[in-house]
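> First the structure, which I've put down as structure tokens, then a few questions once you've had a look.
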Amino acid sequence: MHNRTVFSGVQINRLTVLAGLFCLAIAAGASAAERNKPCADDAAKLCEGVQRGEGRVAQCLKEHESELSSACKKNIAKLRAAGKNLKQACEGDKDKLCKDTQPGGGKILQCLKQHEGELSAACKKQMAQLKDKKQ
């Protein structure tokens, strides 16, 4: 199944968006496993031996989606919704501040984080809400 979304004229896999959200947690100074406690047990059980980084654990969880706990599924749904809201609120900021940043691996989110002081009020609000959801 090709579950793709359009982000500023570029198609990216929703899993990539989810991986980017995890990267935002890492950029905030904590590992995805620590921040994403509802999925930590699932990742430990279903993705044992998977090397962390570059969205590999997120990909593993996606491959085992039918086996995920209800808490993890709910958390992923919240993160997807937050990602959609973040994308909408930060579209202009991304085009203005991160136009030369290649998407993938959370690079756009990292760029937005680096320009935190220059973000629009709507984008700052969504970034803060995303950070709160991760905690």
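All of the numbers you see were taken from the coordinates with simple rules; none came from a lab. On a predicted model such as this, the values are computed, not experimentally measured, just so you know. Cβ: placed from backbone, ideal geometry, glycine included. Neighbour counts: every protein chain shown.
> What is the extension gain from residue 40 to residue 107, computed as 0.36 nm multiplied by their sequence separation minus the C-alpha to C-alpha distance, in nm to one decimal? Each step should come with its number before you reach the end.
Values: separation 67, 0.36 × 67 = 24.12 nm, distance 2.34 nm.
Length gained, residue 40 through residue 107: 21.8 nm.
> Mind giving me the FRET efficiency for residue 120 and residue 56? R0 is 35 Å, r the Cβ-Cβ distance, nearest 0.05 is fine. Please list the in-between numbers first.
Working: r = 33 Å, r/R0 = 0.94.
That gives a FRET efficiency of 0.60.
> Work from the charge dipole of the range 70-135 (Cβ charges, +1 for Lys and Arg, -1 for Asp and Glu, about the Cα centre) and give the residue of 86, 115, 103 farthest towards its positive end.
86
> Based only on other Cβ atoms within 10 Å, what is the fewest-to-most ordering of 57, 50? Intermediate results must be reported in sequence, preceding the final value.
Numbers: 57 23, 50 15.
Sorted ascending by nearby Cβ count, the order is 50, 57.
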